[in-house]
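*Asks:* Here you go, one structure.
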Amino acid sequence: MANQPIHKIKLALITAAIWDNDGFFSVDVTRAYRASDGNWQSSTSFSHADLLNVAKCAERAEIWIGRQVNAAK
C-alpha cells in the first residue's frame, strides 16, 4: 500500500497534501484538470486564476501543521 498524506486541504481544483516524515512536515500543492481523454490528472503548474487558492491552501496547511506541532509539545 502506498503512503498517504496525513491531511489534505482542497479549494476548488487546488489540493495541498500534507506529509509527515517523522515529525518533519512537507506539503505538495497540485491542480486537478480533466485531460483530453476525459480522465482527471494533476499538475504542479498554476494559472493566474489559481494563485489565490494556492495561497489559501498554503496558509491553511501552515496553520494545520502549526497546530500539530503545538499539540505535540
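The values are calculated or read from the model by the stated rules, or taken from the named source; none is laboratory data. Bear in mind the structure is a predicted one, so any value in this text is a computation, not a measurement. Quick reminder, even Gly has a Cβ in these numbers, built from the backbone with ideal geometry, and neighbours come from all protein chains shown.
*Asks:* In contact (Cβ under 8 Å) with a residue 24 or more places away in the chain and of a type in the set (Ser, Thr, Tyr): which single residue out of Thr15, Thr30 fits that description?
*Replies:* Thr15
Matching residues to (1) in contact with a Leu (Cβ under 7 Å, 6 or more places away or on another chain); (2) of a type outside the set (Phe, Trp, Tyr); (3) at pLDDT below 95:
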| site | (1), (2), (3) |
| --- | --- |
| Ala35 | no, yes, no |
| Trp40 | no, no, no |
| Thr44 | no, yes, no |
| Cys57 | yes, yes, no |
| Arg60 | no, yes, no |
| Arg67 | no, yes, no |
| Asn70 | no, yes, yes |
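*Asks:* Taking the options Phe25, Phe46, name whichever one is more than 13 Å from Leu13 (Cα to Cα) and of a type outside the set (Val, Ile, Thr).
*Replies:* Phe25
*Asks:* Looking at the chain, what strands (runs of 3 or more DSSP E) fall wholly within it and have at least 3 residues that are surrounded by 13 or more Cβ atoms within 10 Å (Cβ to Cβ) and β-branched (Val, Ile, Thr)?
*Replies:* Answer list for the chain: 14-21, 24-34.
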